[in-house]
Amino acid sequence: MAGKEAKPLKRTPLHGLHLSLGAKMVEFAGYEMPVQYPDGVLKEHLHTRQKAGLFDVSHMGQAFLTTTRATLGSDEAHADVASAIESLVPGEIRKLKKGGMRYSVLLSEKGGVLDDLMITRPALDGEQGMLFIVVNAAMKDADFALMQSKLGERTKLEIADDRSLLALQGPSAAGVIDAILPGAGAQTFMTMRKYNWNGAVLFASRCGYTGEDGFEISVPDDHVEAFAKKLLAHPDVAPIGLGARDSLRLEAGLCLYGHDLNKEISPVEGAIDFVIGKRRREEGGFPGASRILKELAEGPAKLRVGIKPEGRAPAREGVEIQSADGKRIGEITSGGFGPTVGGPIAMGYVEKAYAATGTSLQLMVRGKALPASVVELPFVPHTYYRG
Amino acid sequence: MTVKYTKEHEWVRVEGGVAVIGITEHAAGALGDIVFVELPEAGKAFKQNGEMAVVESVKAASDVYAPVTGEVVEANGSIVDDPASVNADPEGAAWFVKMKLANPSELDAMMDKAAYDAFVETL
């Protein structure tokens, strides 16, 4: 583009490894990231569902948020840092168990989603009063600035830009991880534990973005290549690019920020109202509470739904959704081909009256109205390990 | 038998007065796993460079342009039923359409195999 100065792309510590594995690199959120390896998106996707896929997600933002008003290591200290973050998110963070984690959203004053994120309470007694936070790559600077400006001196935000993040996802993941980090295989979904590995401190969280059982592992930058190679040495583990990451999360019905969620959309509209904790529904006290509580009581004007096109043509982001009688009722926000489903799948927003499962829709693809219907999410069942 | 190529990565093989048209190995490789193909029906006429067909991979949709002006006489339904065959044999069995050439001289300006291979090297 003329007149626009190209900003040099950032690289993760695994850049050299990606190249040596034959990755095709693309720009994503200001980083040079692998979109696929020589196997290609389709095989990488299926491999993850059948065995285990390794993803470099080091571009995501990691940080520690610590209370400055209480001595670390007490339940009071946890309650204080939890109350601080609860002023920005609608989740129940105070009641989070030690070592437990929550999916949550940062909210604007108007109740729109500024980003989605993971918030973890440490397992160790001595670390109570601290939270481990993981946010999206494209939003990390804005998210951390928001936390700093809104929470001020009450908390200290330490950005962990010396740590990388790997995800190992799929049915073989637990066995592979447990052999390297003994005990990790016993962790249940949405818990985090610390491990020592070759002199480095790793945080293994049983979570992910594929719908499969698996882990996200925070690793110091200077150990991440060795750790990634250790995982890749297992015959069940293959490197997976952002292309398959996207088709996997779409089949799992999970939102991609900037596409399925944005600063105008509320968590109720986004069909992620489970992020609003029971106590928070009673007490409010989060940004945009008046809109969000009203939408919970009365229903939102529009709703994110799963959409199954009837034919074989994929309907992608931006495609107009019409009612069966041709009225414009919304737009596709994520869509493509689901390799495990074996056909096109999509998610989008429709007016509330058209959000019931089974509702017939038309998708305007290249000027033609293609028949589709509202379906339950996810497209592929989640296989999380709940013990 | 002459095979000509375009910068949009289509190939044209002329057999009698009919042009067999498809996409190149390079194009199929760059698109990745093809999961959907939409072809025009027989009888449909196109101007050179008109949007003629659509191929979609897991990631994205791409247009295929008519490399020559003419009328479609046959579309290859087998690639609609088995889109992955375009990855397997793009310059053979997985041809897209056959067209009756309206203006055979359009072929003169197109690249031959050597010129196309050299062009791909520059990408």
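The values are calculated or read from the model by the stated rules, or taken from the named source; none is laboratory data. Just so it is clear, the structure is predicted and the values come from calculations on it, not from any experiment. Here the Cβ positions follow ideal geometry from the backbone for every residue, glycine too, while neighbour counts run over all protein chains shown.
Please go through the range A:266-277 and pick out each residue that is within 18 Å of residue A:351 (Cα to Cα) and surrounded by 21 or more Cβ atoms within 10 Å (Cβ to Cβ).
A:266, A:267, A:268, A:269, A:270, A:272, listed by residue number.
Condition first: within 14 Å of chain A (Cβ to nearest Cβ) and either on the phi > 0 side of the Ramachandran plot or touching a Cys at 6+ places or on another chain (Cβ under 8 Å) (or both). Can you find one or more residues in the range B:28-38 that meet it?
Looking for residues that are within 14 Å of chain A (Cβ to nearest Cβ) and either on the phi > 0 side of the Ramachandran plot or touching a Cys at 6+ places or on another chain (Cβ under 8 Å) (or both), one finds at least one in the range B:28-38, hence yes.
When both residues are 6+ apart or on different chains and their Cβ atoms are under 9 Å apart, which pairs have a first residue that lies in the range B:55-77 and is within 14 Å of chain A (Cβ to nearest Cβ) and surrounded by fewer than 16 Cβ atoms within 10 Å (Cβ to Cβ), and a second that is small (Gly, Ala, Ser) and not in a strand (DSSP E or B)?
Cβ pairs passing all conditions: B:60/B:32.
Quick check on the range B:3-13: of everything there that is out of contact with any helix residue (DSSP H, G or I) (no Cβ under 7 Å at 6 or more places or on another chain) and surrounded by fewer than 20 Cβ atoms within 10 Å (Cβ to Cβ), which residue is farthest from residue B:95 (Cα to Cα)?
Here the answer is B:8.
Do you know which residues across the range A:70-107 are of a type in the set (Gly, Ala, Ser) and buried (at least 17 other Cβ atoms within 10 Å of the Cβ)?
Of everything in the range A:70-107, those that are of a type in the set (Gly, Ala, Ser) and buried (at least 17 other Cβ atoms within 10 Å of the Cβ) turn out to be A:70, A:77, A:79, A:82, A:84, A:91, A:99, A:100, A:104.
Please determine, by comparing only the residues of the range A:325-337 that are free of Cβ contacts under 8 Å to residues at least 40 places away in the same chain and either away from every other protein chain (no Cβ under 14 Å) or not in a strand (DSSP E or B) (or both), which one is farthest from the chain's Cα centre (by Cα).
Checking each candidate, the answer is A:325.
Only one of these is in the same structural domain as residue A:291 (by TED's automatic domain parsing), on the phi > 0 side of the Ramachandran plot and not aromatic (Phe, Trp, Tyr): A:22, A:53, A:61. Name it.
None of the other options fit; the residue is A:22.
Consider only pairs whose beta carbons are under 9 Å apart and that are at least six residues apart or on different chains; among these, list those whose first residue lies in the range A:289-303 and is surrounded by 13 or more Cβ atoms within 10 Å (Cβ to Cβ) and whose second residue is among the polar types (S, T, N, Q).
A:291/A:266; A:292/A:266; A:295/A:266; A:300/A:266
For the range A:262-270, indicate whether the set of residues that are over 25 Å from residue A:180 (Cα atoms) and among the polar types (S, T, N, Q) is non-empty.
Yes, that holds for at least one residue.
State yes or no: is residue A:46 under 18 Å from residue A:228 (Cβ atoms) and touching a residue at least 60 places away in the same chain (Cβ under 8 Å)?
Taking the combined requirement at face value, the residue does not satisfy it.
Condition (residue is within 22 Å of the chain's Cα centre (by Cα), over 16 Å from residue A:256 (Cα atoms) and either of a type in the set (Lys, Arg) or more than 14 Å from chain B (Cβ to nearest Cβ) (or both)) applied to the range A:351-367: is it met by at least one residue?
no
Need a quick list: helices (runs of 4 or more DSSP H) entirely within the range A:157-264 having at least 2 residues that are within 19 Å of the chain's Cα centre (by Cα).
Helices (runs of 4 or more DSSP H) meeting the threshold: A:242-251.
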